[in-house]
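Trainee: Dropping the structure in here first, questions after.
None of the figures in this text is laboratory data; all of them are computed from the coordinates on show. In this text, all values refer to a predicted model and were calculated from it rather than measured experimentally. Here the Cβ positions follow ideal geometry from the backbone for every residue, glycine too, while neighbour counts run over all protein chains shown.
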Amino acid sequence: MQPDIRSYLEIRTAAPSSWSPDGTRLLISSDLPGTHQVHRLDLEDVEVLPQPAASLVQLTDLEEPVGAGYLPANPTGDPDRRLLLATDRGGNERHQLFTASDEPAGPYGTPDALTPLVVDEDHIHRPGGVTRDGRLLAYATNRGDGVAFDTWVHDLTTGEERCVFATGGWTEPGGFSPDGRYLAVSELTTKAGDNRVHLVDLTALDPADGPVGHDHPAVVELAPHEDSATVGTPSWLPDSSVFYLATDVGREFTGIARGTPDGRWEYVVEKEWSSGCAVDWAGRHLLVVWNEDGISRAELRDPATLEVTSPVPLPGDGVADGYRFSRDGRYLAFSYTSPLVPGDAWRYDTDTGALERLTASPCAVDPAAFVDAELVRFPSFDGLEIPAFVFRPRPEARTAGDDRPLPVVVVIHGGPESQYRPSFAPLTQYLVAQGFAVVAPNVRGSTGYGRSYQHLDDVEKRLDSVADLAALHDWLTTQDDLDEDRAALYGGSYGGYMVLAGLAFQPERWAAGVDIVGISDLVTFLENTSAWRRAFREREYGSLEHDRDVLEAASPIHRVGEMRAPLFIVHGANDPRVPLSEAEQIHAVLRDHGIRTDLLVYEDEGHGLAKLANRIDCYPRVAAFLKEVLDA
């Protein structure tokens, strides 16, 4: 008998988040309790790997997911290992900052059991680095006016803090130099896909003057540019003389640049795909990672000569992320997942070349049942080649006696500045095991394929990405084993918008839709989204002031008279990004037009479903809906 959907949804995952200063412990983010909580893996006595779930010491047990990292040192002189934690309430994304020991008497059950560090429930706080001596914490917050994010520095010994960088826009700290002199700050601009990075010389600031902006003499912009570009934050050599960062200034894909604090920089490593980098604390290695058609690749280089010293062996052709060096540079921890591997923590020994799996998360489904993805490309209306990952069920998953072409679920990623990559997705694997084919396209506007591709859906080009869905449907007609007449759209966030747009603008092509926290009206979305997000999203979708006609023309709700496919909608009541009203209004209008539409709202969720109990309640209903409407 095939496992039921609950067995798939209860598959757990784990990922490393931070090494202890002495390298004997590793923080693991695991969803063993049902949401991602902080666990500790003790490595000093480990001989046999991987470690079962029982070997993890659970440190937090909150209702919401928790992020955590070790503080690099305890400036009070206390020998205990201290953690910095961040969590919100009910998915509202108003994160608060706490500290704790990694030796709790029991799991921290509520935020009140933690030591408050920066707490103001009405506003957001995002940590952005701690000095190596453990004294100063940088973080971003919107507590000034609720909209702009300013960069603050908090003294962990005295509790004193000050705002050091403010522009009236969205800034976020990107770490200190090893000597603590410089703080990198990234700032989003009003251009789509564009940011700028500044080095703030903290020794040149007068606390009496308050925060500074771009034009202060203590501020140097890294990789300045005129056209839209992405600039990463610096990763430093130990003496603070040189840093490396990833940027695509003047080029199609991000490459690795080397720079100095005075603002000089040059490209030194350029791949054919977008890349990123990191230098370990001790300065032994320059890690270079890149995304090759969605698949992770990595190598180590000598930070001085830039010669490749070793490829980083990965467990397979999937997605590796969350790379973390131990302080001495010997070990590199990371998470790995693929369509065949749900996701666990791994460790690479740079001295011996050994690759070890650190965790073995529970999985009640036989991994032999999982199906890998095939990468294909299909032409769109203008000849542009669109990449997509295709999951075809095994022959034994087909219903006996049913020789029809397979029903298809098209999964569209969110973002829109994001990318579908070949990682594990429980619902996808369940659907494939039930005899569905799943196709996951990276329509124009996706990242990972160069800067030009990323901007092909900006503002007035929004519906060009929707047209890519029609081209995908045309491709389905060329596949003898896929049924274009039984094809449904499925997506979350921006992917939810694409579901609604496909049903509205191409009603003759799609048999059903599943919209998770999606946008039904781009105008009301921008009017009602959190104030701190509006300007950020307008740069991609268009502004209410200048592009209202474009926004209205691309909004599915204005074409409900054309829609006829049944629709399943899921939303979180506390969603600060796409407000619940986006779901409620399309649900009401479709219902009034006599179109079948189901709306499922979760009162304790935000932008998506973070809690296992809610996923177990929701996704069986989604799967049953797809089986019913596609006659699978």
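Trainee: Which one is right for this structure if percent of Cα pairs over 47 Å apart is calculated from it: (i) 17; (ii) 13; (iii) 29?
Mentor: (ii)
Trainee: What number, in percent, do you get for the relative contact order of the stretch 13-360 if the mean sequence gap of Cα pairs under 8 Å and at least 6 apart is divided by its residue count?
Mentor: Reported relative contact order: 11 percent.
Trainee: Further question on the same structure: Sorted from fewest to most neighbouring beta carbons within 10 Å, what does the list 212, 439 look like?
Mentor: Listed from fewest to most nearby Cβ atoms, that is 212, 439.
Trainee: Compute the distance in nm between two label points, each set 7 Å from the Cα along the Cα-to-Cβ direction, one at residue 460 and one at residue 103.
Mentor: If labels sit at residue 460 and residue 103, their model points lie 6.6 nm apart.
Trainee: Only Cα pairs under 8 Å and at least 6 apart count here; give the relative contact order of the chain as a rounded whole percent.
Mentor: Averaging sequence separation for qualifying contacts and normalising by length gives 10 percent for the chain.
Trainee: Let me ask you something else. Loop-only GluC sites (Glu not before Pro) in the stretch 255-298, please: DSSP not H, G, I, E or B, and at most 12 other Cβ atoms within 10 Å.
Mentor: Qualifying residues, ordered by number: 270, 272.
Trainee: Could you work out how far apart the two model spin labels at residue 122 and residue 385 are, taking each label as a point 7 Å from the Cα in the direction of the beta carbon, and quote it in nm?
Mentor: Using points 7 Å along Cα→Cβ, the separation is 5.5 nm.
Trainee: Here's a follow-up. Which residues in the stretch 265-289 place their backbone N less than 16 Å from a point set 7 Å from the Cα of residue 239 along the Cα-to-Cβ direction?
Mentor: 282-285
Trainee: Here is a further query. What lysines could a cross-link reach from residue 191, if we take a straight Cα to Cα line under 19 Å and drop same-chain neighbours fewer than 8 places away?
Mentor: Within the straight-line limit of under 19 Å, residue 191 reaches these lysines: 461.
Trainee: Okay, next question. Report the extension gain between residue 306 and residue 534 in nm, rounded to one decimal, defined as 0.36 nm multiplied by the number of residues separating them, less their alpha carbon distance.
Mentor: Fully extending the segment from residue 306 to residue 534 adds 77.9 nm.
Trainee: Most exposed first by the Cβ proxy, i.e. fewest other Cβ within 10 Å, how do 586, 11 rank?
Mentor: 11, 586
Trainee: A further question follows. Can you sort 593, 285 from fewest to most other Cβ atoms within 10 Å of each residue's own Cβ?
Mentor: Ranked by crowding around the Cβ, least crowded first: 593, 285.
Trainee: A further question follows. Straight-line reach from residue 627: which lysines have a Cα under 30 Å away, not including same-chain ones fewer than 8 places off?
Mentor: Correct list for residue 627: 611.
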